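Below is one structure, written out as structure tokens; the observations come after it.
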Amino acid sequence: SNYQITQNELENIDLIGKGIVITGNFSIEREEIKTFLMKIGGQIKSGITGKVDFVFAGEDCGWSKIQKINDLNQSKKANIRILNEADLNYLIKKIRHITSHWQNGGVKCQTQLLCILFRRMCSTFSFF
């Protein structure tokens, strides 16, 4: 769909305070995905509304949800971006990479995400 997130958007993504819906099936447990996304500042929502910014859509995600995203985006009531499992894995890897760098003492705020993480979490990362 044309609401699929671009690589550039993905690299600069900021989930702090953003509304997120997880739908469909992923190879990672849903609770783990929720915990991870909340850990980097996302707010998990139960349904697709104008308060949602990102939808993580796995296999077999409901067509009605995609339709709802389409309706909200087209009526300009929202600007929802869709991410798939590959995008989720990219984020997890990126955060892992950043936190391992930081734990090894190599602190450089090269990305917005890095700065956000240090401000928000310091050493509270116990996941992934």
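Values quoted throughout were computed directly from the atomic coordinates according to the rules given, and no laboratory measurement underlies them. Everything numeric in this text was worked out from a predicted model, so none of it was measured.
Some points to look at:
- Calculated log₁₀ intensity ratio I(q)/I(0) where the Debye formula runs over C-alpha points of segment 1-47, q = 0.13, 0.29, 0.34 Å⁻¹: -0.33, -1.18, -1.15
- With contacts taken as Cα pairs under 8 Å and at least 6 residues apart, segment 1-98 reaches a relative contact order of 32 percent.
- Bridging of Lys93 to aspartates and glutamates at a Cα separation below 17 Å is possible for Glu9, Glu11, Asp14, Glu29, Glu32, Glu85, once same-chain residues fewer than 8 apart are set aside.
- For segment 27-105, fraction of C-alpha pairs farther apart than 18 Å, in %: 48 percent
- For the set Lys18/Lys76; Lys39/Lys76; Lys51/Lys94, the pairs lying more than 21 angstrom apart at their alpha carbons are Lys39/Lys76; Lys51/Lys94.
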